[in-house]
Amino acid sequence: MAEAMRQEQAAESQSDTPARPETLPSAQPPTTPEPLRVGAPAVSAGGMPAVVSAMKHAWGEMGPVRGTQTLLKVNQTHGFDCPGCAWPDPKHRPPFEFCENGAKAVAEEATTARVTPDFFRQWSLVDLAAQTDHWLGKQGRLTHPMVLREGASHYASISWDEAFTLIAGELNALGSPDEACFYTSGRTSNEAAFLYQLFVRQFGTNNLPDCSNMCHESSGTALLETIGIGKGTVTLEDFEKAQVIIVIGQNPGTNHPRMLTALEAAKRQGCRILSINPLPEPGLQRFKHPQAVRGILGSGTPLADLFLQVRINGDVALLQGLGKALLAREAMQPGSVVARDFVEGRTLGFEAYAAHLDTVSWEDVVEQSGVAREQLETAADWLAGTDRIIWCWAMGLTQHRNAVGNIQEIVNLTLLRGSIGKPGAGVCPVRGHSNVQGDRTMGIWERPRPAFLDALSRELAFEPPRHHGMDTVATIQAMHEGRVKVFFALGGNFLSATPDTERTAEALRRTRLTVHVSTKLNRAHLVTGKRALILPCLGRTESDVQAGGPQFVTVENSMGVVHASRGALPPASEHLLSEPALVSKLARAVLGSRSSVRWEWLVEDYDRVRELISRVVPGFEDFNRRVREPGGFALPNGPREGRFTTQSGKGHFTVHEMSRLKLEPGQLLMMTIRTHDQYNTTVYGLDDRYRGIRNGRRVVMLNAEDMKELGVEAGQGVDLTSHFEGVRRVARKFVVVPYDIPRRCAATYFPEANVLVPLDSFAEKSRTPTSKSVIISLSPAVDLPALAASAP
Ligand SMILES: Nc1nc2c(c(=O)[nH]1)N[C@H]1C(S)=C(S)[C@@H](COP(=O)(O)OP(=O)(O)OC[C@H]3O[C@@H](n4cnc5c(=O)[nH]c(N)nc54)[C@H](O)[C@@H]3O)O[C@H]1N2
Ligand SMILES: Nc1nc2c(c(=O)[nH]1)N[C@H]1C(S)=C(S)[C@@H](COP(=O)(O)OP(=O)(O)OC[C@H]3O[C@@H](n4cnc5c(=O)[nH]c(N)nc54)[C@H](O)[C@@H]3O)O[C@H]1N2
Ligand SMILES: [Mo]
């Protein structure tokens, strides 16, 4: 304690700048002194450049020996689950079952660089805030628990016991447990997530916002209502049997590269692939398998057979157009398209759906979707020709005001063709974080189902709170209004991932305490409450040894398969705690004798945690045995097995009004997307190789015709202003890049553009921020010499 205070005083006397950063998160420094380079987008994904890039990142962070050894353990039966994405592992795994971007994710975590107490002595918060996100991430792994005391300018080290006592003091002083929020990012293991939600509910609140609120919440909401489960229905094997696969609102070449292997295999079986996207993403046009000889040397496999260049948020119109075209074929030849027996016996609401499509005009479909009728007719021919259809989607559909409608229109087409609950058919929301789906299954949800709470109450003899808690948007609003005073995050980067960065920053600053359990330094550590803690934890790649010996954790992939993940590397520091151990110590410190759970005993051997899970969560019976079988086990999935699990027991057609774009002159609709060199808010590098944009992230992609009309030129600097309910938000100094994107549409990168996303603009029902539908206008930026773009 005395040592900590001394360090802190020393740190404070070093600096005469204000104690807390004034730098607004949006006013980040230019990403690089080098000029932006823009060239032609790549013609294919994968291939040799992917291999080179993977090795560069792995060796750069870890050196050649540790780098190669680590990569050999990714996604193997006795290795660890890749922290990159939630795409499932094939049954027969090649020795290198990872991808370029998985390698970057692993390298980022397994780096040999370290952020020590010495580092924090040198760097004040103000100085750190002046660095880029890329730089912050490159400093390495966090090694010690750190505290920022009231008024201090630097973080100082703190013992674990003191840190837990500090948190307990703040939490137990609150007027109500609902004055604290407990965020989760989707990398958290099942074991840690289960213990965490148990702790939070014993503390007395359902305030469990998570990254899912900003991600696939719209998918969960849409699917739960219509088919009775908030998850996808297909397995990896279904990809080999499909005749048509639609990839809509997703960029798998960058975000789920291993999915390309499944698509390539499907193509070899004669499957057709339809891509629906405002951008012709190179990853979907042509693929060279980086781990097969034909992929490295050959010219690759053309993937998408048809590309529909939909306008941003034109998907409801497009999907209704496909519905119309299918019903027209049915009218010409009754019984040829609508799966009559299925629709009559197993679904509700078909008549209303068909009647609504009658009122939709082709003119509106074409105008609002931006896609020509002939193209839609071609796609409809494919859908009419087979019922082995798989729909895959991601953030391009979930982050709009009518996101739930987008996904329910997919369900309509699926029910119409009866293409669900049979081999080679179904719906496939492709998840992001490697265990985001599992965290929900474990009870990380602000609106838990009563049956889940009943089971907790029965097995653990306490009365969990029944009223709904706060999601991500509500948490920010409540912190802003002073109703939430303590913010705790198990992973993630809440500040940079959430909308309206300025408002979120202000909200965080108004709290009494912010706590981040993290592996790496990020901007969320720099914008804090009165006091703040950084608690460093083990990552996926590291061995986890508890009193009962070496442990493994479990995760659930995008297709509902639960399997083990076992780290192998020595921990980055001897001071790290595993997430389950950290949560159990926290629970003990905060709840004391109020909790009868044997927290310390549970984490001595994670089998004990799993045993508890098996008694609370349906589908996890005999968990410890089944998870030890190679490949793990699949959770029950009614719709996959031919049973809709809605209350009616039927699949539901739904009716949605087409979303109409209303833009004033000079306004554009902007989406915020990921580059090829980032993992959400973690910036690995400054290139977006597939899109041909290098060495810069503050760019805005525009249609060349719009540029002419707006009077802006390639390479010009502009400020972006977003418009929502009379409020303007500004992001400065973006460089204009002409791109193949529909008229009146624009694209920028997340998280640089998050400052423009309005907090109060979110999807109906799911409350997901509308990060892909932001109305903006441009104005010339003064003074942008360092970012000038070179000509293509
Ligand atoms: N390497 C890497 N892997 C990742 C991540 C990462 O950052 N890096 N993030 C992980 C996470 S958490 C997630 S959720 C996923 C995200 O995976 P994606 O959803 O693929 O990620 P985004 O970059 O947001 O891309 C959205 C795609 O939707 C398109 N799109 C945008 N608006 C619309 C629209 O209105 N209609 C249609 N049809 N398309 C639209 C964009 O052009 C883009 O191709 O990836 C996961 N995997
Ligand atoms: N504008 C805009 N905003 C978006 C999106 C968008 O498309 N556009 N996408 C949204 C989506 S889909 C998502 S999922 C969210 C992501 O939101 P988050 O999940 O909150 O953000 P990440 O960037 O994935 O979190 C990265 C941090 O997690 C920590 N970390 C990494 N591994 C571990 C670990 O093993 N344990 C712990 N405790 N910490 C770890 C590191 O410190 C790292 O800095 O962002 C959302 N925000
Ligand atoms: Mo996500």
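The values are calculated or read from the model by the stated rules, or taken from the named source; none is laboratory data. Computed from a prediction, not measured in an experiment: that's the story for all the values here. Using ideal geometry, Cβ is built from the backbone for each residue, glycine included, and neighbour counts are taken over all protein chains shown.
Here segment 742-751 is the region considered, the condition is being outside any loop (DSSP other than H, G, I, E, B) and more than 9 Å from ligand 2 (Cβ to nearest atom), and the residue that is nearest to GLU367 (Cα to Cα) is CYS745. The set of residues in segment 713-730 that are farther than 30 Å from ARG503 by Cα and either of a type in the set (Val, Ile, Thr) or exposed (fewer than 14 other Cβ atoms within 10 Å of the Cβ) (or both) contains only GLU713.
Considering GLN243, GLN202, GLN197, the condition of being away from ligand 1 (no atom under 11 Å from the Cβ), farther than 27 Å from GLY102 by Cβ and touching a Cys at 6+ places or on another chain (Cβ under 8 Å) is satisfied by GLN243 alone.
In summary, SER457 fulfils each of the numbered conditions (1) free of Cβ contacts under 8 Å to residues at least 12 places away in the same chain; (2) of a type in the set (Gly, Ala, Ser); (3) in contact with a strand residue (DSSP E or B) (Cβ under 9 Å, 6 or more places away or on another chain) with the single exception of condition (3).
A quick yes/no check of all residues on (1) more than 16 Å from ligand 3 (Cβ to nearest atom); (2) at pLDDT 95 or above; (3) more than 29 Å from GLY230 (Cβ to Cβ); (4) out of contact with any Gly (no Cβ under 6 Å at 6 or more places or on another chain):
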| position | (1), (2), (3), (4) |
| --- | --- |
| ARG732 | yes, no, yes, yes |
| PRO738 | yes, yes, yes, yes |
| THR748 | yes, yes, yes, yes |
| PRO751 | no, yes, no, yes |
| VAL755 | yes, yes, yes, yes |
| ALA763 | no, yes, no, yes |
| THR768 | no, yes, no, yes |
| PRO780 | yes, no, yes, yes |
| SER790 | yes, no, yes, yes |
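For (1) within 16 Å of ligand 2 (Cβ to nearest atom); (2) buried (at least 24 other Cβ atoms within 10 Å of the Cβ), each residue gets a yes or a no:
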site	(1), (2)
SER218	yes, yes
THR221	yes, no
LEU224	no, no
ILE227	no, yes
VAL234	no, yes
ALA242	no, yes
ILE248	yes, no
ILE273	no, no
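Somewhere in segment 684-700, is a residue out of contact with any Pro (no Cβ under 6 Å at 6 or more places or on another chain) and more than 26 Å from ALA105 (Cβ to Cβ)? Yes: one or more hits.
Which is at pLDDT 95 or above and either farther than 20 Å from GLY102 by Cβ or out of contact with any strand residue (DSSP E or B) (no Cβ under 7 Å at 6 or more places or on another chain) (or both), of GLY232, GLY298? The conditions single out GLY232.
State whether one or more residues within segment 332-339 are within 33 Å of the chain's Cα centre (by Cα), buried (at least 17 other Cβ atoms within 10 Å of the Cβ) and at pLDDT 95 or above.
Of all residues in segment 332-339, those within 33 Å of the chain's Cα centre (by Cα) come to none.
No: zero hits.
Only one entry in ARG566, ARG512, ARG540 is over 23 Å from LEU195 (Cα atoms) and of a type outside the set (A, V, I, L, M), namely ARG512. Would you confirm whether or not segment 461-478 contains a residue that is more than 19 Å from PHE199 (Cα to Cα), out of contact with any Pro (no Cβ under 9 Å at 6 or more places or on another chain) and in contact (Cβ under 8 Å) with a residue 12 or more places away in the chain? Yes, segment 461-478 contains at least one residue that is more than 19 Å from PHE199 (Cα to Cα), out of contact with any Pro (no Cβ under 9 Å at 6 or more places or on another chain) and in contact (Cβ under 8 Å) with a residue 12 or more places away in the chain.
Note on segment 372-408: among residues that are surrounded by 24 or more Cβ atoms within 10 Å (Cβ to Cβ) and of a type in the set (Val, Ile, Thr), the one that is nearest to ligand 1 (Cβ to nearest atom) is THR398. Selection of first residues in segment 374-396 that are at negative phi and within 16 Å of ligand 2 (Cβ to nearest atom) and of second residues that are hydrophobic (A, V, I, L, M, F, W, C) and not in a strand (DSSP E or B), restricted to Cβ pairs under 8 Å at least 6 apart or on distinct chains, gives the following pairs, ordered by first then second residue: CYS392/MET259; CYS392/VAL430; TRP393/ILE407; TRP393/ILE410; TRP393/VAL430; ALA394/VAL430; MET395/CYS215. Checking each residue in segment 334-369 for being touching a residue at least 40 places away in the same chain (Cβ under 8 Å) and among the polar types (S, T, N, Q) picks out SER336, THR347, GLN368, SER369.
Are there any strands (runs of 3 or more DSSP E) wholly within segment 540-595 with 2 or more residues that are over 22 Å from the mean Cα position of the chain (by Cα) and either within 16 Å of ligand 1 (Cβ to nearest atom) or of a type outside the set (Asp, Glu) (or both), and if so which? It would help to see each step written out before you state the result.
Working: elements: 544-546, 549-551, 553-556, 561-565.
Correct list: 544-546, 549-551.
Scanning segment 504-530 for residues that are under 21 Å from the mean Cα position of the chain (by Cα) and away from ligand 2 (no atom under 14 Å from the Cβ) turns up just one, ALA505.
Given segment 43-158, what helices (runs of 4 or more DSSP H) lie entirely inside it while holding 2 or more residues that are closer than 30 Å to THR301 by Cα?
47-62, 64-71, 100-110
For segment 479-495: of the residues being part of a helix (DSSP H, G or I) and surrounded by 24 or more Cβ atoms within 10 Å (Cβ to Cβ), which is nearest to the chain's Cα centre (by Cα)? Give the steps one after another, and end with the answer.
Within segment 479-495, the first condition is being part of a helix (DSSP H, G or I), and the residues that meet it are 479-480, 494-495.
Still in the running and surrounded by 24 or more Cβ atoms within 10 Å (Cβ to Cβ): 479, 494-495.
Working: MET479: 23, PHE494: 12, LEU495: 15 Å.
Per the criteria, the residue is PHE494.
Of everything in segment 34-55 that is more than 30 Å from GLN716 (Cβ to Cβ) and out of contact with any Lys or Arg (no Cβ under 9 Å at 6 or more places or on another chain), the residue that is surrounded by the fewest Cβ atoms within 10 Å (Cβ to Cβ) is VAL52.
For segment 611-665, what are the residues that are in a helix (DSSP H, G or I), in contact with a strand residue (DSSP E or B) (Cβ under 7 Å, 6 or more places away or on another chain) and buried (at least 18 other Cβ atoms within 10 Å of the Cβ)? Working first, answer last.
Let us first name the residues in segment 611-665 that are in a helix (DSSP H, G or I), namely 611-616, 623-626, 639-641.
Subset that is in contact with a strand residue (DSSP E or B) (Cβ under 7 Å, 6 or more places away or on another chain): 626, 640.
ARG640 - this is the single residue of segment 611-665 that is in a helix (DSSP H, G or I), in contact with a strand residue (DSSP E or B) (Cβ under 7 Å, 6 or more places away or on another chain) and buried (at least 18 other Cβ atoms within 10 Å of the Cβ).
Would you check if there is a residue in segment 209-219 being modelled with pLDDT of 95 or more, away from ligand 3 (no atom under 16 Å from the Cβ) and touching a Phe, Trp or Tyr at 6+ places or on another chain (Cβ under 9 Å)? No, segment 209-219 has no match at all. Taken over segment 120-139, the criterion of being among the small types (Gly, Ala, Ser) and either modelled with pLDDT under 95 or within 22 Å of the chain's Cα centre (by Cα) (or both) is satisfied by ALA129, ALA130, GLY137. Exactly one residue out of GLY529, GLY491 is within 16 Å of ligand 3 (Cβ to nearest atom) and assigned by TED's automatic domain parsing to the domain that holds GLY169: that is GLY491. The residue that is farthest from GLU191 (Cα to Cα), counting only those in segment 426-470 that are within 13 Å of ligand 2 (Cβ to nearest atom) and in a loop (DSSP other than H, G, I, E, B), is VAL430. Residues in segment 666-693 that are in a loop (DSSP other than H, G, I, E, B), more than 16 Å from ligand 3 (Cβ to nearest atom) and under 14 Å from ASN251 (Cβ atoms): HIS676, ASP677. The number of residues in segment 200-215 being within 16 Å of ligand 2 (Cβ to nearest atom) and in a helix (DSSP H, G or I) comes to 5.
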